[in-house]
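The values are calculated or read from the model by the stated rules, or taken from the named source; none is laboratory data. All figures in this text were calculated on a predicted structure; none of them were measured in a lab. When we count neighbours, we look across all protein chains shown, and the Cβ atoms used for this are built from the backbone with ideal geometry, even at glycine.
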Amino acid sequence: MHEYDYNLLITGQLSTNKFRYPDEKRDIICSTTLLSGHGLQVLIDPGWRETLLMDALKEAAVEPDDIHIVYVTHLHPDHYRNIRRFPNARWLVPEQELTNWKERVPAVDEDIFEQFVPIEAAEIAPGLQIVQTPGHTLGHTSVLFRQAGSGQRVLIAADAVLAREYYAHGEVHPISENQELAKQTIEEVKRLAPDLIIPGHDEPFAG
């Protein structure tokens, strides 16, 4: 069985959390996770705050050139713009997501989209399962793996699960492309019942 260590390099936050700070505006930050195992270093959702990510990698004693694969769960800029810092890695994105966005590429990101490699496979690498979690965007995905040592099933949910309270209440982001589908995806995640969920914009919590 392929298991991976994980390091939550950046804990995400929403600009406004209707349950926790409804009247406050904060910087939008997505959760960024580093997976290590079997000779691979895989970065999930590198985000868009460069200094934050570079400082986190330095603290983890990881150089940008150490990263073999960068996987982007969906194509909202707050989840991918730092990818330029990893020129030697493979930049993977779900094929359906890339197809859905090909007519909506931000001009400032055309260079990134030219280098994305679409992936149809069910895994990023052995033991790193791609889970279809549509709704927030129509091609949105999450990543399921087993934690080294404990064997826990960990789901990097990205924006399929925004934050702990949103999951508990079945709430989704108001800008989701298909809100009903996004709500169905939350129910699917609950049926999947991972041991731990890493949400797109909050600390990990028990699934």
Legend entry - Filter pass, Ala121 being modelled with pLDDT of 95 or more and among the hydrophobic types (A, V, I, L, M, F, W, C): no
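Residues checked against (1) β-branched (Val, Ile, Thr); (2) within 25 Å of Tyr6 (Cβ to Cβ); (3) surrounded by fewer than 18 Cβ atoms within 10 Å (Cβ to Cβ):
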| position | (1), (2), (3) |
| --- | --- |
| Thr133 | yes, yes, no |
| His136 | no, yes, no |
| Thr141 | yes, yes, no |
| Gln147 | no, yes, yes |
| Ser150 | no, yes, yes |
| Val154 | yes, yes, no |
| Ala168 | no, yes, yes |
| Glu180 | no, no, yes |
Legend entry - Evaluation of Thr73 against (1) under 24 Å from Thr11 (Cα atoms); (2) touching a Leu at 6+ places or on another chain (Cβ under 9 Å); (3) of a type in the set (Val, Ile, Thr) (one fails), failing number: (2)
Inset, instruction - Any chance you could count how many residues in the stretch 73-114 are hydrophobic (A, V, I, L, M, F, W, C) and touching an Asp or Glu at 6+ places or on another chain (Cβ under 6 Å)? - result: 1
Inset, instruction - Report, by residue number, each residue of the stretch 156-165 that is surrounded by 24 or more Cβ atoms within 10 Å (Cβ to Cβ) and not small (Gly, Ala, Ser). - result: Ile156, Asp159, Val161, Leu162
Inset, instruction - For His173, indicate whether it is modelled with pLDDT of 95 or more and either under 23 Å from Pro46 (Cα atoms) or surrounded by 20 or more Cβ atoms within 10 Å (Cβ to Cβ) (or both). - result: no
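For Leu196, indicate whether it is in contact with a Lys or Arg (Cβ under 9 Å, 6 or more places away or on another chain) and either within 16 Å of Leu8 (Cα to Cα) or in contact (Cβ under 8 Å) with a residue 24 or more places away in the chain (or both). Explain how you work it out, then say what you get.
Details: in contact with a Lys or Arg (Cβ under 9 Å, 6 or more places away or on another chain): yes; either within 16 Å of Leu8 (Cα to Cα) or in contact (Cβ under 8 Å) with a residue 24 or more places away in the chain (or both): yes.
Yes: the conditions hold for Leu196.
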Inset, instruction - Could you pull out every one of the strands (runs of 3 or more DSSP E) wholly within the stretch 118-205 that has 3 or more residues that are out of contact with any His (no Cβ under 8 Å at 6 or more places or on another chain) and under 24 Å from Gln96 (Cα atoms)? - result: 128-132, 141-146, 153-158, 196-199
